[in-house]
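Asks: Please find one structure pasted underneath; my questions will follow.
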């Protein structure tokens, strides 16, 4: 069965090596990839790499040399390629490419194709931080956004030039997930307000120490991004994480379990769907000293009090809202998920074994059980958290319909 036809445009930057991984990731998510490379891109990675990965010739030239035996070159095909493909992804989109796209220049195959292409466009900029922040680049991005293009902002980090800041091309799996999400974009959450909690909480021991857990917030942020992409209004209440909130969500940042409890309860009535994916601390230090506790040879005991049970309180308060909780377990997964489903009055529990390698806390992937109030249990195979997020939302809508039929 043929995949969804996608154009992958590769610009000339050091991040071009990641584009080979992106081609594979797009194919793994159902895409059939036609690669188009600029001349500069070929200085960083060879066309043969993409040809071998995708099984298709790579377009590198506006006009082919009839006497050349280079099967990777192409004649003037921009109209045909534009018509046959459903999405244009440019990664990396260099400052030069963004400028040429914004100004409507057509001096190579990729820029000419861009002008002929009428489908959705996803631009993934990657460049030096100073170039990213330059007023010319900022203005070009404004122009491209005004045209309705999707812009995936670069990640922060150490760049090839040695500077630290925004400019890194996001990970290929994330780009592929967003790209295919654009193609499969649904608006089945248009009338929903989804409240998502994410990340850990930190409970102070003294002014410099705290009790916390290994939650990275990646699952909650993936759920927020997936819900927003499907039309929902999203309220994201997040503990301290090293993640950027998806553009368009309302972010409320908290530190402690009590702060999260207050934030959730104060916004609860606005939500039609509540997804409690945060790993909230179960205990807090009752009497936090005003000054740093000094180390001594003596043993130290902490006086711990239970934190508010946010999930249970929502379960008591909810009316026709759909409530989804999370259960991170190290044993007896199904049994504990069913217990939590009943004791917290949830409609669904997303349960996973955090003792497994490569899934759960701090990982890019997850493998979960969906234990539902209808009595059904669904196993979701190991997959990137963004994929799992979409599947959880799919099941939430199915569950709401099933519960509505039961109530009627």
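Asks: List every residue pair whose Cβ atoms sit under 6 Å apart, with the two residues 6 or more apart in sequence or on different chains, where the first one lies in region 352-370 and is outside the structural domain of residue 392 (by TED's automatic domain parsing) and the second, anywhere, is outside any loop (DSSP other than H, G, I, E, B) and at pLDDT 85 or above.
Replies: Here the result reads none, with nothing in region 352-370 linked to a residue that is outside any loop (DSSP other than H, G, I, E, B) and at pLDDT 85 or above.
Asks: Within region 272-340, which strands (runs of 3 or more DSSP E) (wholly inside it) include 1 or more residues that are over 23 Å from residue 362 (Cβ atoms) and under 25 Å from the mean Cα position of the chain (by Cα)? So that I can check it myself, show each step before the final result.
Replies: Values: elements: 273-276, 283-285, 304-306, 322-329.
Answer list for region 272-340: 273-276, 322-329.
Asks: Which of the residues belonging to region 18-43 are touching a residue at least 40 places away in the same chain (Cβ under 8 Å), touching a helix residue (DSSP H, G or I) at 6+ places or on another chain (Cβ under 9 Å) and either farther than 11 Å from residue 175 by Cβ or in a strand (DSSP E or B) (or both)? First the steps, then the outcome.
Replies: Our first condition is that a residue be touching a residue at least 40 places away in the same chain (Cβ under 8 Å); within region 18-43, this holds for 18-19, 21-22, 24-26, 28-31, 34, 36-40.
Checking the rest, the ones that are also touching a helix residue (DSSP H, G or I) at 6+ places or on another chain (Cβ under 9 Å) come to 18-19, 21-22, 24-26, 28-31, 34, 36-38, 40.
Selection gives 24, 28, 30, 31, 34, 36, 37, 38, 40.
Asks: May I ask you to list the residues in region 230-240 that are surrounded by fewer than 24 Cβ atoms within 10 Å (Cβ to Cβ) and not in a loop (DSSP other than H, G, I, E, B)?
Replies: 233, 235
Asks: Continuing with this model, one more query. I'd like to verify a number: residues in region 157-177 that are in contact with a strand residue (DSSP E or B) (Cβ under 7 Å, 6 or more places away or on another chain) and either crowded, with 18+ Cβ neighbours inside 10 Å or in contact (Cβ under 8 Å) with a residue 60 or more places away in the chain (or both), how many? First the steps, then the outcome.
Replies: Taking region 157-177 and keeping what is in contact with a strand residue (DSSP E or B) (Cβ under 7 Å, 6 or more places away or on another chain), we get 157-159, 164-166, 168-170, 173, 175, 177.
The next check asks that each one be either crowded, with 18+ Cβ neighbours inside 10 Å or in contact (Cβ under 8 Å) with a residue 60 or more places away in the chain (or both); those that pass are 159, 166, 168-170, 173, 175, 177.
Summing the residues that are in contact with a strand residue (DSSP E or B) (Cβ under 7 Å, 6 or more places away or on another chain) and either crowded, with 18+ Cβ neighbours inside 10 Å or in contact (Cβ under 8 Å) with a residue 60 or more places away in the chain (or both) in region 157-177 gives 8.
Asks: For the structure I just gave you, tell me whether residue 246 is surrounded by fewer than 17 Cβ atoms within 10 Å (Cβ to Cβ) and not in a helix (DSSP H, G or I).
Replies: Values: surrounded by fewer than 17 Cβ atoms within 10 Å (Cβ to Cβ): no; not in a helix (DSSP H, G or I): yes.
No: the conditions fail for residue 246.
Asks: In region 200-257, which residues are at positive phi and in contact with a strand residue (DSSP E or B) (Cβ under 8 Å, 6 or more places away or on another chain)? Show your work before the answer.
Replies: Restricting attention to region 200-257, the residues satisfying the condition of being at positive phi are 217, 231, 248.
Matches in region 200-257: 217, 248.
The values are calculated or read from the model by the stated rules, or taken from the named source; none is laboratory data. The model shown is predicted, which means the values in this text are computed figures rather than measured ones. Note: ideal-geometry Cβ built from the backbone for every residue, glycine included; neighbour counts use all protein chains shown.
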